[in-house]
1. Can you find even one residue in region 128-143 that is assigned to a loop (DSSP other than H, G, I, E, B) and among the polar types (S, T, N, Q)?
2. Quick check on my filter: what residues within region 96-150 are polar (S, T, N, Q) and under 14 Å from the mean Cα position of the chain (by Cα)?
3. Output the qualifying pairs, or none if there are none: Cβ atoms under 6 angstrom, residues six or more apart or on different chains, first residue in region 49-63 and touching a residue at least 24 places away in the same chain (Cβ under 8 Å), second residue among the basic types (Lys, Arg) and part of a loop (DSSP other than H, G, I, E, B).
4. Collect the residues in region 38-79 that are of a type in the set (A, V, I, L, M, F, W, C) and either in a loop (DSSP other than H, G, I, E, B) or farther than 21 Å from TRP23 by Cα (or both), keeping them in residue-number order.
5. Got a sec? Which of TYR88, TYR82 is over 30 Å from LYS144 (Cα atoms), surrounded by 13 or more Cβ atoms within 10 Å (Cβ to Cβ) and of a type outside the set (Asp, Glu)?
6. Give the residues of region 1-36 that are modelled with pLDDT of 70 or more, among the hydrophobic types (A, V, I, L, M, F, W, C) and touching a helix residue (DSSP H, G or I) at 6+ places or on another chain (Cβ under 9 Å), sorted by residue number.
7. Within region 80-106, track down each residue that is assigned to a helix (DSSP H, G or I) and either hydrophobic (A, V, I, L, M, F, W, C) or free of Cβ contacts under 8 Å to residues at least 12 places away in the same chain (or both).
Amino acid sequence: MKLNKNNKTFLPQNEALSRNKKWWIVDADGVVLGRLATKVADVLRGKDKPIFTPFFDAGDFIIVVNADKVKMTGKKDAQKMYYRHSGYFGGIKETSYEHMKATHPDRIISSAVKGMLPRNKLSRQLLKKLKIYSGSEHKHMAQKPEILTI
């Protein structure tokens, strides 16, 4: 990490940031979706570190297991809808939360986290560091992930 001599502003270097990446594992069993997504988004961006800079990727890798057991509060599990558009006229598609949970439970968490990240190239880079699995098994044991409690 270097100190710029012209204006004395600290800027972390990419080489130093890439060496200090950690792997975290989060169990989504019984956790409320919004609380899970905010914590995951903060760790992905690196907001929990003292070297946080908005335009650098200072965050860590996150593994989310048991994505199919995430909770929603209130009546959202019956009322929430997910929308996407094909790009053609009248091409809007909607999917209910219950159908999404039955078919693709990983997309529920990824869309919640995506909504909490900035809308730029950096967010697409950060989303690649998010690994979501619907069961309790994952293939990242070689990275020795630490448990992140929410």
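1. Just the residues of region 128-143 that are assigned to a loop (DSSP other than H, G, I, E, B), to begin with: 128-129, 133-140.
The next check asks that each one be among the polar types (S, T, N, Q); those that pass are 134, 136.
Within region 128-143, one or more residues are assigned to a loop (DSSP other than H, G, I, E, B) and among the polar types (S, T, N, Q).
2. Step one: of region 96-150, the residues polar (S, T, N, Q) are 96, 103, 110-111, 120, 123, 125, 134, 136, 143, 149.
Across region 96-150, the qualifying residues are SER110, SER111, SER123, GLN125.
3. Correct list of pairs: ALA58/LYS49; ASP60/LYS21; ASP60/LYS22; PHE61/LYS129.
4. Going residue by residue through region 38-79, those that are of a type in the set (A, V, I, L, M, F, W, C) are 40-41, 43-44, 51-52, 55-56, 58, 61-65, 67, 70, 72, 78.
Passing the criteria: ILE51, PHE52, PHE55, PHE56, ALA58, VAL70, MET72, ALA78.
5. Result of the check over TYR88, TYR82: TYR82.
6. Those that are modelled with pLDDT of 70 or more, among the hydrophobic types (A, V, I, L, M, F, W, C) and touching a helix residue (DSSP H, G or I) at 6+ places or on another chain (Cβ under 9 Å): TRP23, TRP24, VAL26, ALA28, VAL31, LEU33, LEU36.
7. Going through region 80-106, the residues assigned to a helix (DSSP H, G or I) turn out to be 97-103, 105-106.
Scanning region 80-106 gives HIS99, MET100, ALA102, THR103.
The values are calculated or read from the model by the stated rules, or taken from the named source; none is laboratory data. Predicted model, so just to flag it, every value in this text is computed and none were measured. Using ideal geometry, Cβ is built from the backbone for each residue, glycine included, and neighbour counts are taken over all protein chains shown.
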